[in-house]
Amino acid sequence: MREPVIAVVYNIPRSKDNPFAQSSLDVLNQVEEVENSLAVRGLEVQRIAFTRDCETFLREIRRRGISVIVNLCETVDEDSRFAGHPAALFELLGIPFTGSPSFAITNSTDKATAKLLLKGAGVSTPGYVFYDGIRPFRGEALSYPVIVKPCYEDASNGIDQDAVCRDERAVLDCLEERYSLFGPLLVEEFIDGREFNVSLLGYPRPEVLPLAEIDFSGLPSDLHSIVGYRAKWDSESVEYRCTNRIFPKLPTAVAGELRRVALESFTLFGLRDYGRVDIRMDTAGRIFVLEVNANPGIASDAGFAAAAAQSGVTHVEMIEKLVHCACERAINNDQETC
Ligand SMILES: Nc1ncnc2c1ncn2[C@@H]1O[C@H](COP(=O)(O)OP(=O)(O)O)[C@@H](O)[C@H]1O
Ligand SMILES: [Mg+2]
């Protein structure tokens, strides 16, 4: 077998003066960490940015003889609706790449499609109304409070304390402004209770990693218990300091149910190699899937790496494992790419 020629392919993040620069710039940390981790294993990695300029990209891929891709693309030119497009191109080129296939990235990135899939498969998820900016918002069937979320964003972009609305009037007051900023929105019933992040890793069968919970207990009582943008990205904020990740000891039945629902969601969306399912549990103990993340961030300080570490897999091993998953596929397809 020839040595693989590995590229880490990533999107160009938003500029520093963008309000969501912090979440977007994280991709550059991930690129660096992938390079450093694989260097530890004696593997060289080449950086290639993915933009709408596909001709340049193709030229670079061919010129450098790339045979395996670590896919870190979260957007194309800042547009998250194109999150799956780089993977689609790799599929057409027949180059093995880490993570989910294009359709899985596309379906899970679009929160409206994701809700339809979850509902259609009978996976419990909060009730919601989709607001497309054309048809008037009809919120009478919802139980309040609700949370207003951009359909095509992730990383809690556009989710803050004001996103939680106590009644229909409050929704109507913020809908147009949020639509003008983010486009289509989900208005979703707010699940008051605990929050779990369930990470999965492995190909062809993923293993469920230790179950993480967000500990909201230190959060001031006037704040909603959510992991909004500040909680994820603003290390100076009270939300960031008071939303810590823990790995709790859970009753067997609860842990079993979280694992089952996460695995079912992973399979339903056709995720591959790794993923993270965000789940809330209400005060009655009922479980609701909030969203399914294909290719979650793999930075060493993010939830996925923390869950891997909790299972005894170091950051270097985790990244190596992802590359190995892609190589496995190449070998099994009998391609001589790695
Ligand atoms: N229906 C909901 N009920 C309660 N909290 C929610 C709900 N939807 C989202 N949140 C809060 O907002 C955070 C981000 O929402 P999520 O749907 O996971 O979007 P993103 O793709 O931005 O991570 C969640 O981690 C959770 O804390
Ligand atoms: Mg989430």
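Sort through Ala326, Ala306, Ala299 and tell me the only one that's in a helix (DSSP H, G or I), touching a residue at least 60 places away in the same chain (Cβ under 8 Å) and within 16 Å of ligand 2 (Cβ to nearest atom).
Of the residues listed, the single one that is in a helix (DSSP H, G or I), touching a residue at least 60 places away in the same chain (Cβ under 8 Å) and within 16 Å of ligand 2 (Cβ to nearest atom) is Ala306.
Any chance you could count how many residues in the stretch 231-273 are within 16 Å of ligand 1 (Cβ to nearest atom), within 18 Å of the chain's Cα centre (by Cα) and either at positive phi or not in a loop (DSSP other than H, G, I, E, B) (or both)?
Going through the stretch 231-273 one residue at a time, the tally reaches 9.
Scanning for something buried (at least 17 other Cβ atoms within 10 Å of the Cβ), outside any strand (DSSP E or B) and more than 16 Å from ligand 2 (Cβ to nearest atom), does the stretch 44-56 turn up at least one residue?
no
Is there any pair with a first residue in the stretch 143-157 that is within 13 Å of Val171 (Cα to Cα) and hydroxyl-bearing (Ser, Thr, Tyr) and a second that is more than 10 Å from ligand 2 (Cβ to nearest atom) and in a strand (DSSP E or B) whose Cβ atoms are under 8 Å apart and which are 6 or more apart or on different chains, and what are they?
Ser143/Glu189; Tyr144/Cys165; Tyr144/Glu189
So which residues in the stretch 227-239 are surrounded by fewer than 17 Cβ atoms within 10 Å (Cβ to Cβ) and within 21 Å of Ala305 (Cβ to Cβ), if there are any at all?
Asp234, Ser235
Condition (residue is within 15 Å of ligand 2 (Cβ to nearest atom), closer than 30 Å to Cys327 by Cα and not assigned by TED's automatic domain parsing to the domain that holds Asn18) applied to the stretch 203-218: is it met by at least one residue?
yes
Of all residues in the stretch 91-126, which are closer than 23 Å to Asp26 by Cα, more than 16 Å from ligand 2 (Cβ to nearest atom) and buried (at least 23 other Cβ atoms within 10 Å of the Cβ)?
Phe97, Thr98, Gly99
Based on what the data block shows, is Ala212 of a type in the set (A, V, I, L, M, F, W, C) and in contact (Cβ under 8 Å) with a residue 60 or more places away in the chain?
The answer is yes for Ala212.
Regarding Ala104, is this residue part of a helix (DSSP H, G or I), in contact with a strand residue (DSSP E or B) (Cβ under 8 Å, 6 or more places away or on another chain), small (Gly, Ala, Ser) and within 22 Å of Leu290 (Cβ to Cβ)?
The answer is yes for Ala104.
I need a count of the residues in the stretch 309-323 that are closer than 15 Å to Val208 by Cα and assigned to a loop (DSSP other than H, G, I, E, B).
Of the residues in that region, 3 qualify.
Have a look at Gly84, Gly158, Gly65 and point out the one that is outside the structural domain of Thr267 (by TED's automatic domain parsing) and away from ligand 1 (no atom under 16 Å from the Cβ).
Gly65
Hey, does the stretch 269-281 have a residue that's closer than 20 Å to Val34 by Cα, away from ligand 2 (no atom under 16 Å from the Cβ) and in the same structural domain as Ala212 (by TED's automatic domain parsing)?
yes
Have a look at Ser221, Ser156 and point out the one that is hydroxyl-bearing (Ser, Thr, Tyr), surrounded by fewer than 20 Cβ atoms within 10 Å (Cβ to Cβ) and within 25 Å of Arg286 (Cα to Cα).
Residue meeting the stated conditions: Ser221.
Can you find a residue that is among the hydroxyl-bearing types (Ser, Thr, Tyr) and modelled with pLDDT of 95 or more anywhere in the stretch 156-171?
Taking every residue of the stretch 156-171 in turn, none turns out to be among the hydroxyl-bearing types (Ser, Thr, Tyr) and modelled with pLDDT of 95 or more.
Are there any pairs, at least 6 apart or on different chains, whose C-beta atoms fall under 6 Å, with the first in the stretch 234-248 and over 17 Å from Ser217 (Cβ atoms) and the second of a type in the set (Phe, Trp, Tyr) and surrounded by 15 or more Cβ atoms within 10 Å (Cβ to Cβ), and if so, which?
Asp234/Tyr240
The values are calculated or read from the model by the stated rules, or taken from the named source; none is laboratory data. What you see is a predicted model; the values in this text were computed from it and never measured. Virtual Cβ from ideal backbone geometry, glycine too; neighbours counted across all protein chains shown.
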